[in-house]
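S.K.: The structure is given below, and queries will be raised subsequently.
The values are calculated or read from the model by the stated rules, or taken from the named source; none is laboratory data. Nothing here was measured: the structure is a model prediction, and the numbers come from that model. Cβ placement follows ideal geometry from the backbone for every residue including glycine, while neighbour counts extend to all protein chains displayed.
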Ligand code: A2P
């Protein structure tokens, strides 16, 4: 049976989700086939975003999985998507979630996240964006529209992604419905202890993206998969460094979205529940030198206030 963590609004989140973004992109057919393989391997949690352009292949894979009887009903799946920054304005949010739902051929999401705490103007065609096209998000009015998405039943849960403690505080001070999830970069080399503790104290479930260091993407590298300390622990336990990373996150009560389109590695990444790290192994991991992989500035541009935002948490 599947292992889940629960968020403040009572939703059960399958601990290991499948990320659907490939960078560079691999095309809809490959994505769809990989998702069907993942469902066969036991995945029930899938993470997408408007901006990834994988909502459509995910939707097709879900429809096919239902047709083939791989899952009996839609509600066996946990599907999250994200509001892109160019829709970061009160009146654009309902149309944006409806567009995601159409792409996915679904009538509700399990989780809808604000992708980044930034607003982009519509002219932005590629990243990094020009300074004049980026502005802070009006968290209060945007969150009201997110709350409306939930009350209309378009999504079961609402949350955020890439929020710092400070931004979460601002959100919590006006929210009627608190965010259930904050999805952020997290792995043994970017542990974010302060953010984890902050979220835990306020009942916000943390989900890790790039739990394996986003190897093979433009911004990722092999620093997790080839980390010496993790390799030593993996060797001693007959596991892989990827499994050590995912297990460590789970032991911190963090769920993960790990991307693999390879059948064997998909299975490997789910196989973390019938063993555990010793106290000594956990201590070694907690002492690893830390390095952030993804920054506001690296995604949106090297603008002063984005650099400041990166320095904040
Ligand atoms: P692949 O899809 O070929 O398996 P992250 O989830 O941190 O973004 O990392 C994703 C990257 O890590 C992808 O390049 C993926 O490649 C690779 N990957 C996923 N699972 C494993 C694993 N168990 N061992 C090695 N590499 C993995």
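Condition check ((1) modelled with pLDDT of 95 or more; (2) surrounded by fewer than 18 Cβ atoms within 10 Å (Cβ to Cβ); (3) outside any helix (DSSP H, G or I)) across all residues:
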residue: 95; (1), (2), (3): yes, yes, no
residue: 98; (1), (2), (3): yes, yes, no
residue: 125; (1), (2), (3): no, yes, yes
residue: 141; (1), (2), (3): yes, yes, no
residue: 150; (1), (2), (3): yes, no, no
residue: 159; (1), (2), (3): yes, no, yes
residue: 169; (1), (2), (3): yes, yes, no
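S.K.: Tell me which of these residue 187 doesn't satisfy, since it passes every other one: (1) touching a strand residue (DSSP E or B) at 6+ places or on another chain (Cβ under 7 Å); (2) within 15 Å of the ligand (Cβ to nearest atom); (3) farther than 25 Å from residue 25 by Cβ.
M.R.: (3)
S.K.: Could I ask something else about it? Condition check: surrounded by fewer than 17 Cβ atoms within 10 Å (Cβ to Cβ) and more than 12 Å from the ligand (Cβ to nearest atom). Does residue 175 satisfy that?
M.R.: no
S.K.: A follow-up question, please. Only one residue in 218, 292, 284, 263 is modelled with pLDDT of 95 or more and within 16 Å of the ligand (Cβ to nearest atom), so which one is that?
M.R.: Exactly one of 218, 292, 284, 263 is modelled with pLDDT of 95 or more and within 16 Å of the ligand (Cβ to nearest atom), namely 263.
S.K.: Something else now. Evaluate region 225-237: report whether one residue or more is crowded, with 21+ Cβ neighbours inside 10 Å and either farther than 21 Å from residue 185 by Cβ or near the ligand (Cβ under 10 Å from one of its atoms) (or both).
M.R.: Yes, because at least one residue in region 225-237 is crowded, with 21+ Cβ neighbours inside 10 Å and either farther than 21 Å from residue 185 by Cβ or near the ligand (Cβ under 10 Å from one of its atoms) (or both).
S.K.: Just to be sure, is residue 106 in a helix (DSSP H, G or I) and touching a helix residue (DSSP H, G or I) at 6+ places or on another chain (Cβ under 9 Å)?
M.R.: no
S.K.: Follow-up question, since we're still on this one. Quick check on residue 306: is it in contact with a strand residue (DSSP E or B) (Cβ under 8 Å, 6 or more places away or on another chain) and within 15 Å of the ligand (Cβ to nearest atom)?
M.R.: no
S.K.: Considering only region 61-76, state which residues are part of a loop (DSSP other than H, G, I, E, B) and surrounded by 14 or more Cβ atoms within 10 Å (Cβ to Cβ).
M.R.: If the condition is that a residue be part of a loop (DSSP other than H, G, I, E, B) and surrounded by 14 or more Cβ atoms within 10 Å (Cβ to Cβ), then 70, 71 are the ones that fit.
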